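A short worksheet on the structure shown next.
Values in this text are rule-based calculations from the coordinates and carry no lab data. Remember, it's a predicted structure, so these values are computed and weren't measured experimentally. Every residue, glycine as well, gets a Cβ built from its backbone with ideal geometry; the counts of neighbours run over all protein chains shown.
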Amino acid sequence: MRFTYMTLFPQLIEGYFQDSILKRAIDKGIFSFDFCNPRDFSSSRHSKVDDTAAGGGAGMLMNPQPLFDALNQFPNAYVIFTTPVGKPFVQNDAKRLAKKEHIIFVSGRYEGIDERVIERYADELFSIGDYILTGGELPSLVMSDAIARNIEGVLGNSTSLDTESFETLLLEAPSFTKPANFKNLTTPSEFLKGNHSKIATLKNALSIAKTKYFRPGQLLKYKINMRS
């Protein structure tokens with residue numbers, strides 16, 4: 001797997017891969033990342049990449065020429081644009097995209113990207129939430145992190161993926177570690193008795209309770225799915 005970040009600010013992304021699980025996966029050759037800066041493809045005398053919006057409006061847009069020429073360098077890549085108008089990015093998208101060989105994340109800046117770039121090159125458009133950021137670099141990192149975790153070999157224990165939130169319609173049950181009693185806050189006693197059947201039953205009940213509190217709409221989907 002290869003991630004290419006098309007961005008005007010590579011330094012905003014590069015540091016994220018210098019430590020922890022993803023760094024180890026890169027060192028093992030499980031996936032790689034690189035950058036492509038649209039400014040390097042600008043035909044403007046001063047490497048300009050933005051212009052005023054046709055029809056007026058506040059702010060500037062990334063103009064098409066640098067992005068067209070940059071994206072033409074990767075004819076076989078799967079191209080994702082980060083945008084607030086895209087469909088919500090969810091866990092199933094991360095799992096599906098982990099099977100791709102090469103993904104390009106195009107990060108917009110200013111007031112966005114000329115729509116003709118998106119129409120020509122986008123394979124998918126994603127949003128990570130109903131809010132506005134100053135650029136697409138953070139959404140690109142969020143999505144690539146979620147995708148990378150689902151690439152075989154990235155996690156030391158791949159079975160941990162099976163119990164995470166959103167792998168089913170329920171949120172993951174609360175987790176506890178030692179000591180069993182910390183400042184008079186205790187671990188559920190059933191977790192300490194070694195009866196895996198009872199532990200599984202309790203975890204399911206806790207998952208339902210957690211989903212009911214944090215994501216009631218998700219719990220309704222779970223109940224409908226159980227009845228079908």
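At what distance in nm do the modelled label points of Arg45 and Ile132 sit from each other, each positioned 7 Å from its Cα along Cα→Cβ?
That separation, rounded to one decimal, is 3.3 nm.
Report ³J(HN,Hα) in whole Hz for each residue of segment 27-32, in order, from the Karplus equation J = 6.51 cos²θ - 1.76 cosθ + 1.60 where θ = phi - 60°; Gly and Pro get x.
4, 7, x, 6, 8, 9
Which value results when the Cα radius of gyration for the chain is divided by 2.2 N^0.38 Å?
Details: Rg = 21.9 Å, N = 228, 2.2 N^0.38 = 17.3 Å.
The chain yields a ratio of 1.26.
Shape call for segment 97-228 from the C-alpha gyration tensor, a ≥ b ≥ c root eigenvalues: rounded (a/c under 1.5), prolate (a/b greater than b/c) or oblate?
Numbers: a/c = 2.31, a/b = 2.10, b/c = 1.10.
It is prolate, given that a/c is not under 1.5 and a/b is the larger ratio.
Residues with amide H under 5 Å of Val79's amide H, sequence separation 5 or more or different chain, H placed in the peptide plane at 1.01 Å from N; which?
Ile104, Asp123, Glu124
Going by amide H atoms built from the backbone, whose H comes under 5 Å of the H on Gly112, apart from near neighbours?
Answer set, sorted by chain and number: Met62.
Given a Förster distance of 25 Å, report the FRET efficiency between Ala209 and Gln91 from their Cβ-Cβ distance, rounded to the nearest 0.05. Walk me through the numbers on the way to the answer.
On the way: r = 21 Å, r/R0 = 0.83.
With R0 = 25 Å, the Cβ-Cβ based efficiency is 0.75.
For the pair His196 and Asn225, how long in nm is the line joining their label points, each one 7 Å along Cα→Cβ?
Spacing of the two 7 Å Cα→Cβ label points: 2.3 nm.
When only DSSP loop residues count, what trypsin sites (Lys or Arg not before Pro) in segment 1-83 have their Cβ near at most 12 other Cβ atoms within 10 Å?
Numbers: sites: Arg2, Lys23, Arg24, Lys28, Arg39, Arg45, Lys48; in loops: Lys28, Arg45, Lys48.
Taking segment 1-83 and a limit of 12 other Cβ atoms within 10 Å, the loop trypsin sites (Lys or Arg not before Pro) found are Lys28, Arg45.
Specify whether the C-alpha gyration tensor of segment 168-227 places it in the rounded, prolate or oblate class, a ≥ b ≥ c being the square roots of the eigenvalues: rounded for a/c under 1.5, otherwise prolate if a/b is larger than b/c and oblate if not.
Working: a/c = 3.79, a/b = 1.87, b/c = 2.03.
It is oblate, given that a/c is not under 1.5 and a/b is not larger than b/c.
Could you run the Karplus curve 6.51 cos²θ - 1.76 cosθ + 1.60 with θ = phi - 60° over segment 96-106 and give me ³J(HN,Hα) per residue in whole Hz, x for Gly and Pro?
So the J values, rounded to whole Hz, are 5, 6, 5, 8, 6, 8, 8, 10, 10, 9, 9.
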